[in-house]
Amino acid sequence: MSVYPAAEFITSAHRPEQFVPDEGREVAFAGRSNAGKSSAINRIVNRRDFARTSKSPGRTQLVNFFSLRPGQRLVDLPGYGYARVTKALREHWRGLLVEYFESRQSLSGLVLVVDVRRGLGDFDWQMLDWCADIGCPVHVLLTKADKLKRAAAAQALTAAQRELADSASVQLFSALSGDGLESARSALQELLARE
C-alpha cells in the first residue's frame, strides 16, 4: 500500500513556462544520473514505475512534477553529470535547473541522491550551493548502501556527515533492501510540512 495513495504524475517541463503553478509545497529530488534517483523515489512513494527507471543512466531529461497529496508535490529533476548527452543539452538542463531554483516559491526542500560508493561530487556541491543561496533545506540520501559492507557504509556516512557539517542532513538508503526507508519518508514529510 502506498503512503501516497492519490499520488499521480502531473506533467513534464522542458521550459520554465511549462512548470506547474507555483503554489502549495514541493520537494525536489536531484542527483547524478546513475545515483538511483528514480528507484529511490519509487521506493519512498511505494509505487513501482512511479518515476521511470532505466538500465541506462540519464533517462530523466525533463522536470517532472508529481502530485502526492492536495497541495503537496514531488519534483524529479534531470539527472546531471552524465557524459553521453550533447553539450547543448547539458547547458539546457543547467539553465532549466537554475531557473527552477531561482523561481519556485513553493520549493520547501531538496532531497539530494548520492551513490554512497562515489560520495559527493562537484555537481552535488553545486546543488548544495544553490539551496544555501535560497535558504532551501537539503536531505542527502546515500543510496545503494546495500552494495557496501555495513562497516564501509557506516564509514561513508560518517565521512559525508563531516563533509556536509550543518549544510544538510544525511542518511544511508537502499531502494533494494529498504534500509533507511522510514527515515527517508519522514524527511520528505518534514520538508513538505515546512512553511
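Every number here is computed from the coordinates shown, using simple stated rules; none is lab data. The structure displayed is predicted, hence computed values, not measured ones. Heads up, the Cβs are rebuilt from the backbone with ideal geometry, glycines too, and the neighbour counts pull from every protein chain shown.
Which of the aspartates and glutamates could a cross-linker span from Lys147 if the Cα-Cα distance has to be under 13 Å and same-chain partners fewer than 8 positions apart are dropped?
Partners within reach: Asp115, Asp179.
Report the Cα centroid-to-centroid distance between segment 10-46 and segment 134-160 in angstrom, as an integer.
The distance from the Cα centre of segment 10-46 to that of segment 134-160 comes to 20 Å.
Treat the count of other C-beta atoms within 10 Å as a stand-in for reagent exposure and order Asp124, Asp49, Asp115, Asp179 from fewest to most.
In order of increasing Cβ crowding within 10 Å: Asp49, Asp179, Asp115, Asp124.
Once the dipole of segment 105-183 is set up with Lys and Arg at +1 and Asp and Glu at -1 on Cβ about the Cα centre, which of Ala132, Ser167, Gly180 lies farthest towards its positive end?
Value computed over the given set: Gly180.
Using 0.36 nm times the number of residues separating Asp129 and Asn46, minus their current alpha carbon distance, what extension gain do you get?
Between Asp129 and Asn46, full extension yields an extra 26.9 nm.
What's log10 of I(q)/I(0) for the chain at q = 0.10, 0.12 Å⁻¹, Debye sum over Cα points only, no solvent?
The Debye formula, applied to the Cα set alone, gives -0.36, -0.53.
For Phe65, Phe9, what ranking results if the residue with the fewest other Cβ atoms within 10 Å of its Cβ goes first?
Phe9, Phe65
Going highest first, how would you order 183-193, 127-137 by mean Cβ packing within 10 Å?
Ranked by mean Cβ neighbours within 10 Å, highest first: 183-193, 127-137.
Would you work out the charge dipole size for segment 93-195 about its Cα centre, treating the Cβ of every Lys and Arg as +1 and the Cβ of every Asp and Glu as -1, and quote it to the nearest 20 debye?
So the magnitude is around 500 debye.
Could you put Lys147, Lys87 in order, starting from the residue whose Cβ has the fewest other Cβ atoms within 10 Å?
Ordered from fewest to most neighbouring Cβ atoms within 10 Å, Lys147, Lys87 come out as Lys87, Lys147.
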